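Read-outs throughout are calculated quantities, based only on the coordinates presented, and are distinct from any laboratory measurement. Keep in mind the model is a prediction, meaning the values are calculated, not measured. No Cβ is skipped: glycine too gets one built from the backbone with ideal geometry, and neighbour counts run over all protein chains shown.
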Amino acid sequence: MNATDAIRGTTSAAGGIVVRSETLTVQTDQRIELTDVTDRVITIVRDSAAREGIVSLWSMHTTFAVFMNESQKALHADIKRLLETMVDRDADWMHNDPDHSDCDRLNADAHLRAMLLGHSLTLQISGGELVLGQWQRVLVAELDGPRSRSLRVQILGVS
Amino acid sequence: MNATDAIRGTTSAAGGIVVRSETLTVQTDQRIELTDVTDRVITIVRDSAAREGIVSLWSMHTTFAVFMNESQKALHADIKRLLETMVDRDADWMHNDPDHSDCDRLNADAHLRAMLLGHSLTLQISGGELVLGQWQRVLVAELDGPRSRSLRVQILGVS
Amino acid sequence: MNATDAIRGTTSAAGGIVVRSETLTVQTDQRIELTDVTDRVITIVRDSAAREGIVSLWSMHTTFAVFMNESQKALHADIKRLLETMVDRDADWMHNDPDHSDCDRLNADAHLRAMLLGHSLTLQISGGELVLGQWQRVLVAELDGPRSRSLRVQILGVS
C-alpha cells in the first residue's frame, strides 16, 4: 500500500506544474478479458516529476473500459460472468440489426457492458507515488476482442 | 479521431494555468432521452487557451447522467432498453411511497438509472483538442424528463 | 445550491496553484450502508485556498464506493435493494470458492456491487465553493462492513 496520509491536510504552493501524457497499448487475446495495468501506470507516475496531483485514465475505445478492483483470477471470472448476466449478448439489440445499424461487429453487448464499467478513472498522486489501497489495482476490460487497445494516461500535478 | 499521441511521453513545464468553466443547457423532450453534447464540449475546449489538461464534466442533477459511448440512434434505443430492464420503474420503491418519501415525482427509477451511468466524466486535452477515440462521443442522459438540464464543464490545464 | 454560473465562460490566469489532500474516515455499522460525506468535503474545500478547480474523491478500498445521489433514507433503501437484486450474494462466485481463492471474507458480491457504483468521483470548485445541484449529495457506500473506511480527497485548483 502506498502512503496515503503523507500530506494529510497540507496545502502545497507548488514549484512547477507538471503535465505528462502517455498512451498504453494493451493486446488482448479473448473477446472479454481483464488486464492489470497498475505497474505500467505506476512507472509513468514515477517517471513524471509530479509529487502531488491527479492521474486521468481514459479508454480510447467505446468497447474497452477502465476501472479499479482486485487483481485476482477468480474475481475476474466473476466480473465476466456478471457482465454476461446483466447484458445478454444474444438479445435482439437494435445495434446488431442491419435494418437499424451499419455496425457489422454485432457488438451491442460490448457497448453496454463497457458503459456499466466506465471509460474514465481519476486517481491521485501523493509523495510522488500513485495512491492505492491494499488490494486496489487498475484494470482495463476488453469487451469486444481480441484487439489492440489504447489507454491514455495524463498526469496533472505539481513537482 | 483527434491526435492522441501528440505529446506521448513528454513533460510540459507550463506557461500559464488555465481554468475555464461553462454550463451547458440541454432541453429534453422525452422522459428518457440521450443527447450528444460532444461538439459543444469541443467548442469550449477550443475557446479556452488550454493546450494540455483535463476536462471535468459534472451533471447538475441527480436524475441526469453523463457518460461516453457511440452516438447511434439504434444503440441509444438499446441503452434505454437496458436501463428499463435493469431498473423496473414500477417496482415498489420506497422513494415512491408517500409513507417514506416526500418526493411526488415517483422517480426512484430515474435516480437508480442515473447512478448506474454516472454523474461525472473526466476527459483529456492534448494539443489544444479534446482527446476522443474513433467512435467516442460525450452523451448526457435525461432520465426524468422532459426538463431543462445543466451540465457543468470545467477545464483545468496549461496554455 | 451553490453558485454554478459564477464564472461561466471566464478564463482565469491563476495567482497560485493549490493542491490539498485529506483522508476522511468513515466508521460503518452495517454490512451495506450509505453515508453522506458532503459536509465534510465542503469543509475541506473551504479550508483550502482554492477558488476554482477540481476535487478528486478516491475510495481507498475495493469494496467501498463513492458516488453522487440524493441523501434520503427511502432512496438509500432502494439503492441497497437494487444492488442486492443485481448482484446475488449467494451465487456460486469463484471469489468465494476456496478452491480458486484465498479470500475468506466470501465477499464477491461486495466487489461486484462496488464496481457498479464506482470508486472515483471528480467534482468542481467555483468561487471557493463545491459545485452541487439542488438535491446532490456525495455518498459513500460500505459494501462489506462493518469496518473503518477511508476516502481520500484531493483538491487541485487555483487560489
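Could you tell me the relative contact order of the range C:32-119? Use alpha-carbon pairs under 8 Å, at least six residues apart, and round to a whole percent.
35 percent
Taking a point 7 Å out from Cα toward Cβ as the label site, list the nm distances between A:D99 and the same residue in every other copy, smallest first.
4.6, 4.6
In whole Å, how far is the Cα centre of the range B:22-99 from that of the range C:32-79?
20 Å
Tell me the mean residue ellipticity at 222 nm calculated for chain B from its helices only (DSSP H runs of n ≥ 4, each -39500 (n - 2.57), averaged over every residue, nearest 500).
Mean residue ellipticity, 222 nm, calculated: -6500 deg cm²/dmol.
In nm, to one decimal, how far is the modelled label at B:T25 from the one at A:L106, with both set 7 Å along Cα→Cβ?
With each label point 7 Å from Cα toward Cβ, the separation is 4.7 nm.
With 10 angstrom as the radius, rank B:V37, B:V138 by how many other C-beta atoms surround their C-beta, starting from the fewest.
By the 10 Å Cβ count, ascending: B:V37, B:V138.
Give the distance, in whole Å, between the Cα centre of the range A:134-159 and the Cα centre of the range B:105-136.
Result: 17 Å between the Cα centres.
Pairs of alpha-carbon atoms within less than 8 angstrom and 6+ residues apart define the contacts here; what relative contact order does the range C:62-159 have, in percent?
Result for the range C:62-159 is 47 percent.
Please list, by residue number, every one of the trypsin sites (Lys or Arg not before Pro) in the range B:65-159 that is coil in DSSP and has at most 12 other beta-carbon atoms within 10 Å.
B:R105
Taking each label point as 7 Å beyond Cα in the direction of the beta carbon, state the distances from A:G127 to the same residue in the other copies, shortest first, in nm.
Here A:G127 shows inter-copy label distances of 3.9, 3.9 nm.
Consider the operator that turns chain C into chain B: which C residue has a Cβ nearest its axis, and what is that gap in Å?
C:T122, 3
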